[in-house]
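As structure tokens, the structure follows; a few thoughts come after it.
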């Protein structure tokens, strides 16, 4: 497991909405977020989440030209943390992070890790709760996640 796990806002919001925020520390231990992500999250951060600010403000400004502020700050911080894992869901942000050779996963990757580690018995009911939110998941992605989880 990478030494630093950095989360973007969407993962925090989605897991909070479905009552599964505690999966993050169960799977990864402490999570790092930027001040911008903490502000976007809008709720008090749990004790296992620490706030760290990216130091390279020029890099942050460049990323912010094409990404939302939370994504830009999370990617900027991940660039400063060798061997970090970035949890990011939005396609554009993931693409930029991958082009910058960052290691990324998304909320569904978190769920798959949670199942592999025994923190979740099954993913299918969690996906059903996600469909009740405003988070968009295609039928293809849902099928892929269920297949990877061994639930199809």
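The values are calculated or read from the model by the stated rules, or taken from the named source; none is laboratory data. This is a predicted model, so every value here is computed, not measured. Cβ sites come from the backbone with ideal geometry, for glycine too, and all protein chains shown count toward neighbours.
Summary table
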item	result
Pair list, Cβ < 6 Å and 6+ apart or interchain, from region 43-57 residues that are in contact (Cβ under 8 Å) with a residue 60 or more places away in the chain to residues that are part of a loop (DSSP other than H, G, I, E, B) and exposed (fewer than 14 other Cβ atoms within 10 Å of the Cβ)	none
Among (1) touching a strand residue (DSSP E or B) at 6+ places or on another chain (Cβ under 8 Å); (2) surrounded by 19 or more Cβ atoms within 10 Å (Cβ to Cβ); (3) within 27 Å of residue 144 (Cα to Cα) - the single one residue 98 does not satisfy	(2)
Single condition residue 121 does not satisfy, out of (1) closer than 25 Å to residue 64 by Cα; (2) loosely packed, with under 12 Cβ neighbours inside 10 Å; (3) at pLDDT 95 or above	(1)
